[in-house]
């Protein structure tokens, strides 16, 4: 029972109605500019696209643990907003509702009343009444229901569960349940099932307002799910590390008594090459911090969802990039994995050379994916080139690596290719 907002409104009250798509798009650009101006500190990402019937749509995220918020500029000056908030917590729900109200006031949106039969409105009532009391009740009920389902599946022998984890990556990490704030064990699940208030620690944003705990938990979500634990390769990786360092410093200066991740904070500052008084304090605290496993799901392997239903298992330390031609690339300083879904007739331009075709001596037959590969091995320039198929789907996978001793890793990466649609 996730908590979902579905809000309807109409903008430009008193003005002439419009229907041309470019007018709707122009208005949506003003919405985008408003979010940049008023939520810049919270904005994780924003982009324009199209929704049903080709209507302009804005997609944005305001928290690293949150799913996308969609704003659809429909015909007749109508606006439809949808968002799921139970992954982050009551504080986020209140913040998002207040932000949308401010947007409405700034850009002249008249919001429709709740309509339970049509599923339109805020199920907690906060957007319509301003009473935040029921928000916590709905969040805890959602958590208890999710935990109950996980416990049922675990009794059936299933494993690998995640709560409020964004689609696209499945992390291989010990724990009965993975969450954006770290793994939880069986005892936690049972305790929360009996009393969901014992699971408040799993919500990144419980209390309303932007305060030290909000910033700390925002940084913790990034440390667990987003940070790649090595020196940054890409500008976006460096910016992510800077954001984490900024959030931790802001939170610490506001409330130094909170439980900070001193060891991981020290790693982040090291990757960025940041020194100074604060770095010395972090180093001192890290030296005295308790031991145990470090934060970060991406210290281990990760199952990545690729274009057109494919999946692959890679080290979490690889930087991922989606190119405009549909190619997906993951790499670090000495390894890379390149994946290209093939269309009919694309083999000639993207498949191996004639010599490599003759050398396709390696075969793999998995449950859903089969393939043939060639292996070129020279010190400093090793490459595995594979053609893979799953039913009528075909793809090219090229694994490059510097060290010949990593041949088994390259073979394992190729053989990990799967296709969900064929399951």
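FYI, it's all coordinate maths here, none of it is from the lab. Since the model is a prediction, treat every value here as computed from it, not as a measurement. We place every Cβ from the backbone using ideal geometry, glycine too, and count neighbours over all the protein chains shown.
Hey, quick one: spin label on residue 78, modelled 7 Å out along Cα-Cβ, who in the stretch 116-149 has an amide N within reach, i.e. under 18 Å?
116-122
In degrees from 0 to 90, rounded to the nearest 10, what is the angle of the helix 212-225 Cα long axis to the longest principal axis of the chain?
Orientation of helix 212-225: about 20 degrees from the principal axis.
Going by alpha carbons, how many degrees (0 to 90, nearest 10) lie between the helix axis of 21-38 and the longest principal axis of the chain?
90
Put a dot 7 Å past each Cα toward the Cβ at residue 321 and residue 132; how far apart are the dots in nm?
4.3
Regarding the chain, what are the three Cα extents along the principal axes, ordered largest first, in Å?
Ordered largest first, the chain gives principal extents of 70, 61, 50 Å.
Calculate, for residue 118 and residue 190, the FRET efficiency according to 1/(1 + (r/R0)^6) with r their C-beta to C-beta distance and R0 41 Å; round to the nearest 0.05.
It comes out at approximately 0.60.
log10 I(q)/I(0), Debye, Cα-only the stretch 137-287, no solvent, q = 0.17, 0.21 Å⁻¹?
Debye curve over Cα of the stretch 137-287, log10 I(q)/I(0) at q = 0.17, 0.21 Å⁻¹: -1.04, -1.30.
Modelling each spin label as a point 7 Å along the Cα-to-Cβ direction, I'd like the residue 110/residue 36 distance in nm, to one decimal.
My value for the distance between the label points is 3.0 nm.
What distance in nm lies between label points placed 7 Å from Cα along the C-beta direction at residue 294 and residue 420?
Those two pseudo-labels are separated by 3.0 nm.
Once both axes come from the Cα atoms, what is the angle between helix 277-287 and the longest principal axis of the chain, in degrees from 0 to 90, rounded to 10?
Helix 277-287 sits roughly 70 degrees off the main axis of the chain.
Any idea what the relative contact order of the stretch 4-129 is, in percent, if you count C-alpha pairs under 8 Å spaced at least 6 apart? Present the calculation step by step, with values, prior to reporting the outcome.
Details: 208 pairs, mean separation 43.3, N = 126.
Over the stretch 4-129, the number comes to 34 percent.
Normalised by the number of residues in the chain, what is the relative contact order in percent for Cα pairs under 8 Å and 6+ residues apart? Don't jump to the answer; show the numbers that get you there.
Details: 726 pairs, mean separation 44.4, N = 423.
Value for the chain: 10 percent.
What length, rounded to one decimal in nm, is gained on full extension from residue 361 through to residue 200, with 0.36 nm per residue of separation minus their alpha-carbon distance?
Answer, rounded to one decimal: 52.5 nm.
For the chain, with a Gaussian network of springs between Cα atoms less than 10 Å apart, report the residue from 220, 79, 143 with the top mean-square fluctuation.
The residue that fluctuates most here is 79.
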